[in-house]
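Throughout, read-outs are computed from the coordinates displayed, never taken from laboratory work. These numbers come from a predicted model, not from an experiment. Note: ideal-geometry Cβ built from the backbone for every residue, glycine included; neighbour counts use all protein chains shown.
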Amino acid sequence: MDVYEALYTCRAMRRVRPDPVPLEVQARILDAAVRAPSGGNAQTWHFLLVDDASVKGQLALLYRDSMDQLWKTVYAPRIAAAAADPEDPESVQFEKIRRSADYLADHFADVPLFLFGFSQYDPSGGSIYPSVWSAQLAARAQGVGSALTSVLGFFHGDEACTILGVPSDEGWIMACCVSFGYPLGRWDVAPRRPVDEVSSRNRWGSPVGFQIPEPLWSPDGR
């Protein structure tokens, strides 16, 4: 697969089939992950794959509660704004994302594979996120969808770590949880705000120097 196709179409795929991800595909995903840059080549990361039904079942209860808490706290203003003006394009888009996130929460136990990324003594996650993104790109190249979330670690990190048997005295911090599975939806280029609206050059707010009204890669090669 062309690298730009992987980059441009690796969108969050929260709706996936329960079909298992073959071990050879899992091996490619993790092997790509460990090739990512590592500060000082310390490689202070640990990747925990979860496909056991009983473990997923325990985590599913915590994940569903985590999402409920997220909607009631961090996203409460956006939910209220969407309810006040449901026809606004931003409201429509937010509700689509909310339904997608809730779908994952409601079907957590049915997802065939999860990857939990742990970094040692690094609460920022900066030492592991490049490797996790490499894992997601490798999955995309294999036709496997993924979605990264940190909500479980935020609201129920200790309980989740206990279920997963994470050592409590070695400085391991749950950076993220990534779901993997063969998607029910289609691969596509995600709509985003144009680069020139979210970028600057030399000083904050100064023009970046170019405009990109449409994606520079498209499936038809334009």
Charges at C-beta only: +1 for Lys and Arg, -1 for Asp and Glu. How large is the resulting dipole of the chain about its Cα centre, in Debye rounded to 20?
420
Over all alpha-carbon pairs in the chain, figure out the percentage whose distance exceeds 32 Å.
24
Rounded Å value of the spacing that divides the Cα centres of the stretch 1-39 and the stretch 126-177
14
For the stretch 1-92, which GluC sites (Glu not before Pro) are in a loop by DSSP, counting at most 10 other Cβ atoms within 10 Å?
87
Karplus-derived HN-Hα couplings along the stretch 95-102 (A = 6.51, B = -1.76, C = 1.60, θ = phi - 60°), whole Hz, x at Gly and Pro:
5, 5, 5, 5, 5, 5, 5, 5
If amide H atoms are built 1.01 Å from N in the plane of the peptide, which residues on other chains or at least 5 residues away come under 5 Å of the amide H of residue 147?
13, 179
